[in-house]
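Take a look at the structure below.
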Amino acid sequence: MTRTCLVTGGAGFIGCAISRDLADAFDRVVALDNMHPQIHPSQERPAELDERVELHRLDVALAEDWDSVLAAVAPDVIVHLAAETGTGQSLTEASRHANVNVVGTTQMLDALVRHEIRPDKIILASSRAVYGEGAWIDAEGRPSYPGQRTHAMLEAGQWDFEGLTPSVQSSSEVKASPANVYAATKFCQENLVTSWCGSFGVTPVLYRLQNVYGPGQSLINPYTGIVSLFARLAKQGQSIPVYEDGQIVRDFVFIDDVASAIVAGVLHSPAAALPYDIGLGERTTIMQVAQTIAEHYGAPAPHVTGQFRDGDVRAAWADTARARQALDWEPRVGVAEGINRLCDWIDAQDGAVPPAPTSTVKEA
């Protein structure tokens, strides 16, 4: 019997990264993507997408597009990557993000019902953004959920919650508390997939991804990929501007490590009651990333701007213990090595790399 894997958002950064392993494991791999010009300005098939993968251009938010595909394809596994991912952009384009992330997911689920298709498994790429600010720890070691940093706090330069210390993100310990529109849509996705799968006997496997970076990511999208945008600035000899006081904390995880985690879930993972937290599992400040990139290119030292963005969280890094054990997986690429590999890839793109923006980047 022919085994088929369907990947939504399959021509994107992560979709391309997992395409070879999926094509090796399945008889047929079908990628769906709307080829949005913000990500795919040339509208051409990505060179990184394995040649064995069938690419269909469609919109996951349209029922008729799903019907056209599922009339010809009955997937055994679905990897649901399709999403709008701009945190800042979601604040001004909430409908667009909800349409793709929420409606796109419900259209997929409804179409599966209409066509009487029950895949063995649905893999969902969610985001660490669902935690919001997550849990902070008080002086007595007790967890607290301070909520979203307000505009007034940020305007006053109050970057942290007074008397509290941020803690690691773990789906088994920290409750979701979305702090922006994008995060709210991703948490909605999680609930939609898990509840539907529970009702129809389908295995759900959910991932909460930290900041994914590496060769193959978009070099023209100002709303994702802070590492690549920093690299473009430094490559042009500019000083990298860093928001707030430079001490925003993120967990930067290399694309190869994310791909191996997702493929492990596709091929081996049983049903998981909670999402897997996927990251390097290390705290890295935005200033540290900027300094590493500046040193790579011999660019001027980064500078702190004091600017901020509403909806940004102060600190995010993952507890990867459960993912390591359940998936028999381990991240292997550290931040310094990953940045050097990304910069080398950018340098090899020649004229394909557009000039970096002169203003600060839009995403962290």
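The values are calculated or read from the model by the stated rules, or taken from the named source; none is laboratory data. Given the structure is predicted, the values throughout are model-derived calculations rather than measurements. Neighbour counts are summed over all protein chains in view; Cβ atoms, including those assigned to glycine, are modelled from backbone coordinates with ideal geometry.
In table form, for the structure just shown:
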{"item": "Odd one out for H40 among (1) part of a helix (DSSP H, G or I); (2) of a type outside the set (F, W, Y); (3) under 17 Å from N221 (Cβ atoms)", "result": "(1)"}
{"item": "Output for the stretch 65-95, where each listed residue is surrounded by fewer than 17 Cβ atoms within 10 Å (Cβ to Cβ), of a type outside the set (S, T, Y), assigned to a helix (DSSP H, G or I) and free of Cβ contacts under 8 Å to residues at least 60 places away in the same chain", "result": "D67"}
{"item": "Residue match in the stretch 284-298 (condition: touching a helix residue (DSSP H, G or I) at 6+ places or on another chain (Cβ under 9 Å), within 25 Å of P241 (Cα to Cα) and of a type in the set (F, W, Y))", "result": "yes"}
{"item": "Filter result (touching a residue at least 60 places away in the same chain (Cβ under 8 Å) and in a loop (DSSP other than H, G, I, E, B)) within the stretch 119-154", "result": "P119, D120, G132, E133, G134, Q148, R149"}
{"item": "Helices (runs of 4 or more DSSP H) (entirely within the stretch 244-357) containing at least 3 residues that are in contact with a Gly (Cβ under 6 Å, 6 or more places away or on another chain)", "result": "none"}
{"item": "Members of the stretch 155-173 that are in contact (Cβ under 8 Å) with a residue 60 or more places away in the chain, touching a helix residue (DSSP H, G or I) at 6+ places or on another chain (Cβ under 9 Å) and surrounded by fewer than 17 Cβ atoms within 10 Å (Cβ to Cβ)", "result": "S172"}
{"item": "Within the stretch 5-30, tally of residues that are of a type in the set (F, W, Y) and more than 13 Å from R52 (Cβ to Cβ)", "result": "1"}
{"item": "Of all residues in the stretch 252-277 being in contact with a Ser or Thr (Cβ under 7 Å, 6 or more places away or on another chain) and buried (at least 24 other Cβ atoms within 10 Å of the Cβ), the one that is farthest from Q158 (Cα to Cα)", "result": "P275"}
{"item": "Candidate set: the stretch 34-53, residues that are surrounded by 15 or more Cβ atoms within 10 Å (Cβ to Cβ), of a type outside the set (A, V, I, L, M, F, W, C) and more than 19 Å from the chain's Cα centre (by Cα); chosen: the one farthest from R20 (Cα to Cα)", "result": "R45"}
{"item": "Single residue of the stretch 1-21 satisfying the filter (among the aliphatic types (A, V, I, L, M) and over 18 Å from V60 (Cβ atoms)) that is surrounded by the fewest Cβ atoms within 10 Å (Cβ to Cβ)", "result": "M1"}
{"item": "Residue count, the stretch 4-52 (criterion: in contact with a Pro (Cβ under 6 Å, 6 or more places away or on another chain) and either at pLDDT below 95 or within 18 Å of Y213 (Cα to Cα) (or both))", "result": "2"}
